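Report on the structure given below.
The values are calculated or read from the model by the stated rules, or taken from the named source; none is laboratory data. In this text, all values refer to a predicted model and were calculated from it rather than measured experimentally. Because the Cβ atoms are built from the backbone with ideal geometry, glycine has one as well, and the counts that use them run over all protein chains shown. These accessible areas exclude ligands, DNA and RNA; they are computed on the full protein's heavy atoms, side chains included. Shrake-Rupley method; radii C 1.70, N 1.55, O 1.52, S 1.80 Å.
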Amino acid sequence: MRKLFQIIFYIQLILISILVIVLTIRGFVYAARSTNHFRPEKWYPPLLGSVASAGIVSYLWEWISFHDPSKAIKTAFWVGPFLTCAVGILHILIGCPISLAISTIAIISSVIQSLYTCWVNPRFDYATKILTVYTSFPPDKTATFVILSIITCLVYSSFLVTGIGGATATGTGLDILFIIVILLTYTWTMQVIKNMLYVTISRVRYMNFACGADMNTWIAFRDTVQHLVGRVCIGSAVVPVIGTIRGSARVMKSVVGGTDEFLFSCADCYSRVASTLITYGNRWGFVQVGVYNKGFMQASADTWGAFKTAELIPLIDSDLTGAFCFFSGVAVGSICTLVGGTWALAIHKSYATEVSIYAFFIGYFICRVALASQQACVSAYYVAYAENPQSFQFDATIPVRIQELLQRYNV
């Protein structure tokens, strides 16, 4: 499976590159010969500007979250909903039917984000402590890897944008299909880039947490590229899907509660399915992929089993690191949407909707790549602790938090 996914990943990179080049050339030729509505000089600058904004804001956000986690967490959770709401207002100003639908989704999402922030507000102190303690001494050359990853994402995003513009120039039904395919492959590729960095940093940090040993980050990255690409590709395809299923199951179970027996039984069944799936596909499995060179599903199952043995599942479920990265991605995506969408609205209104959609995707994924190293450090600590809770390498942060959760549940 790992070899199959690795081959598929490289083949899709080659095919998408060829497709983008063809679409770009065809688009410019068509725009030069035709008098249709497509004008490259007004379509590309807003979107490429939002790509540049994504790189700059993502790096600044990673720097802030590294040096001041408390401020970063509070900003992501409290300011993020306002940025999402601002995106909704922007789409109201655009005014077309698709934009009005997007504005409705954005405003509802901002309300949900605000309610979630109020709900998890008591966990901010622990989330801040986790990020402060376990990312205060990052592996050597971490900043270099983050910068190189962001630059790679910027170049790749800009390249795909040219192809999307070429498909937009002609705008046939087949071109719409091409754009969808480009966005899907972009999503998978960005996940792979993020998780390559995740596996590398988590392996180095795990060795430090578990053994007190310092491992060369370049060596870890070389091993990841040479031996683990297939496993990372599998995890990058599986984890987002399973994570979405489990998240929706937890929300459904919380909303339904015990008010209706039929709905409760359906939610409980869905939750059990999600709990089974998460055992064989979770982001913490990437740690053991890097450390032990395991297959992704086996690493996920072993990691989840270690969490159960150490009774860490409630702590893992209440951890805000993943939510912080998600909210940060949404916030940066919203900023990019406001940059590209406002620019397009000012110079060519008909382009504003599609430009803002593409800008959001690009900003979200580049931010997630930028924050992968911090999430990897926290995951490495949880996995190392689960495997040997009695080690003298660990402080009392996790045991104290577990006791707090037990007391809260008992009450």
Tell me the Kirkwood hydrodynamic radius of the chain in angstroms, computed as one over the mean inverse distance between distinct C-alpha pairs. 22.5 Å
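Dipole of the chain, Cα-centred, from +1 at each Lys and Arg C-beta and -1 at each Asp and Glu C-beta, to the nearest 20 debye? Display every interim value, and only then the final one.
Numbers: 27 positive and 19 negative charges, 124 e Å.
Result for the chain is approximately 600 debye, rounded to the nearest 20.
Could you work out how much longer the chain between Lys141 and Leu15 gets when fully extended? Use 0.36 nm per residue separation minus the Cα distance between them, nm to one decimal. Walk me through the numbers on the way to the answer.
Numbers: separation 126, 0.36 × 126 = 45.36 nm, distance 3.30 nm.
42.1 nm is the gain from fully extending Lys141 to Leu15.
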Label point distance in nm, Lys71-Val120, each placed 7 Å from Cα along Cα→Cβ: 2.2 nm
Sequence gap of 8 or more, or different chains, plus Cα separation below 24 Å: how many lysine pairs satisfy both in the chain? 14
Using helices alone, I'd like the mean residue ellipticity at 222 nm for the chain: each DSSP H run of four-plus residues gives -39500 (n - 2.57), total over residue count, nearest 500. -29500 deg cm²/dmol
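Heavy-atom accessible area per residue, the stretch 1-148, 1.4 Å probe: how many Å²?
On the way: 8050 Å² over 148 residues.
So the stretch 1-148 comes to 54 Å² accessible per residue, rounded to a whole number.
Per residue, how much accessible surface does the stretch 167-315 expose to a 1.4 Å probe? Answer in Å², no decimals. Numbers along the way, then the final one.
Numbers: 6620 Å² over 149 residues.
That works out to 44 Å² per residue.
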Quick one: pull the percent of accessible area on the chain belonging to carbon and sulfur, 1.4 Å probe, ligands and nucleic acids left out. 69 percent
Can you give me the C-alpha center-to-center distance between the stretch 344-411 and the stretch 174-237, rounded to a whole angstrom? 16 Å
Any idea of the accessible area per residue across the stretch 326-402, 1.4 Å probe, to the nearest Å²? 31 Å²
Amide N proximity, the stretch 365-406 versus Ile151 label position 7 Å along Cα-to-Cβ, cut-off under 16 Å: 370
What shape does the stretch 54-149 take by its C-alpha gyration tensor, where a ≥ b ≥ c are the square roots of the eigenvalues and a/c under 1.5 counts as rounded, a/b above b/c as prolate, and the rest as oblate? oblate
Tell me, what is the percent relative contact order of the stretch 57-185, built from C-alpha pairs under 8 Å that lie six or more residues apart? 23 percent
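Looking at the chain, do any whole DSSP H helices span at least 30 angstrom along their long axis by alpha carbon and average 1.0 or above on Kyte-Doolittle, and which? Mind dumping the intermediate values first?
On the way: long enough: 2-33 (46 Å, 1.58); 40-67 (40 Å, 0.25); 69-94 (36 Å, 1.28); 97-120 (35 Å, 1.52); 142-170 (43 Å, 1.60); 173-211 (57 Å, 1.09); 229-256 (40 Å, 1.12); 321-347 (39 Å, 1.60).
What comes out of the filter, once short or polar helices are dropped, is 2-33, 69-94, 97-120, 142-170, 173-211, 229-256, 321-347.
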Report the label-to-label distance for Ile402 and Ile347 in nanometres (one decimal), using points 7 Å from each Cα along the Cα→Cβ vector. 5.7 nm
Using the Cα centre of the chain as origin and beta-carbon charges of +1 (Lys, Arg) and -1 (Asp, Glu), tell me which of Tyr30, Ala310, Leu131 is placed farthest towards the positive end of the dipole. Tyr30
